[in-house]
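The values are calculated or read from the model by the stated rules, or taken from the named source; none is laboratory data. Since the structure is predicted, the reported quantities are computational estimates derived from the model, not experimental observations. Cβ placement follows ideal geometry from the backbone for every residue including glycine, while neighbour counts extend to all protein chains displayed.
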Amino acid sequence: MGIYRDGQIFMYGAVGLDWYEEYFTALHVIQALAEHGRDKDVTVRMNSGGGDPITAIAVYNALKAHDGQVTVQIDAMSASAASLIAMGADVRIMQAGAQMMIHEPSSGGWGTAHDLKEGADLLDMQADEYAKLYAKASGKTTEEAREVMKAETWMTGEEAVIAGFATTHEGGVSSLMCSPFDYTKYSKAPKELVTMALTNMWDREPVPTPPTQEEQTQMPKTDEEIAQMVADAEAKGKANGTKEGVEAFMKLQKQVMELPQAQKQPKLAESFMADGMDFEQIKAKFDLMEDIAPNSNNNPSQNDYSSMRQTGAGLDSTDKPQQPTMSAGSIYKKRRELMAS
């Protein structure tokens, strides 16, 4: 089911592709806004623990570019990258029992001292830019907004209104029903959220669900058939305009995420698609990664690799000690170094 239904846009789940079933991407939002009508007022329903900050910026700007009035109704949670998206709305309503969290971007580090210093400079630059967006929405100065971010600030509806990050709130207290998200990554997350994440094992990457027999029969049988479908969709998109182009990307996304490697590493698959790779290029990248043994002398252990891959994809807390991580770019860089040695 898509994120646009009954005349509303539902931003439920993680911001950007995630290993849980609930997520939304910038293209999902752009397509939903186009379907709704660019000049019509729109209500966005939000329940998200955060995710990819780059996707969040794209969604924020898509909301800002909408000609009609945008109302974001936070049904339960607007944390981290999701709170950044909410700032793009003209009206921000906190429902009964809903919470909002604002903090600084962070990531894990892997590389030389020079690499880590460059990474720190990049995070400072990103934090300054995000602070400007929070300041613009709340009426605070950029410096004041940055201090709120540094503190990893969790707010009730009333507190969010007082601070200027929400325009109105509904009174009362309700049971917080959040979409699946690993709230253990936030250093100051309320205990009930951490307990909820641990109880439901949201801090662990689920084992991919095998496709049903019906889904298997609908899948293309060969790589050539899949590649042809993607090529046809891309050609149609280029010939017919933006909407078809979005549909082409969504079809590519569906086919790529059916790859076993993509199901195990969804965030890496998303980065490949964001780089403009076609299906064959993405499949070749995954095949090459499998050819490099993770436990060889020149590579991190399987546990280290898994930890590095899963850490730092979203706006994570800078206060909590983090495990190493690697980006897609650093993987390629390391691989080139190994192949050249």
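Worth pointing out:
- Members of region 257-283 that are under 13 Å from ASP52 (Cβ atoms) and not hydrophobic (A, V, I, L, M, F, W, C): PRO266, LYS267, GLU270, SER271
- When region 150-172 is filtered for residues that are under 17 Å from HIS103 (Cβ atoms) and outside any helix (DSSP H, G or I), the ones remaining, listed by number, are ALA151, GLU152, THR153, TRP154, MET155, THR156, GLY164, PHE165, ALA166.
- Test for ALA120: is it assigned by TED's automatic domain parsing to the domain that holds ALA81 and touching a Lys or Arg at 6+ places or on another chain (Cβ under 9 Å): no
- Sub-6 Å Cβ pairs linking a first residue in region 85-100 that is acidic (Asp, Glu) to a second residue that is crowded, with 17+ Cβ neighbours inside 10 Å, at least 6 apart or interchain, are ASP90/VAL70, ordered by first then second residue.
- Among the residues making up region 23-38, a single one is part of a loop (DSSP other than H, G, I, E, B) and surrounded by 15 or more Cβ atoms within 10 Å (Cβ to Cβ): THR25.
- Which listed residue, of GLY88, GLY68, is in contact with a helix residue (DSSP H, G or I) (Cβ under 9 Å, 6 or more places away or on another chain), over 25 Å from GLU159 (Cβ atoms), modelled with pLDDT of 95 or more and not charged (D, E, K, R): GLY68
- Pairs where the first residue, in region 262-280, is touching a residue at least 60 places away in the same chain (Cβ under 8 Å) and the second is surrounded by 18 or more Cβ atoms within 10 Å (Cβ to Cβ), C-beta under 6 Å, 6+ apart: PRO266/LEU17; PRO266/TRP19; LYS267/ALA313; LEU268/ALA328; ALA269/VAL256; ALA269/ALA262; GLU270/LEU17
- Of all the numbered requirements in (1) at pLDDT below 90; (2) of a type in the set (Lys, Arg); (3) over 22 Å from GLN95 (Cβ atoms), LYS150 misses one, and that requirement is (1).
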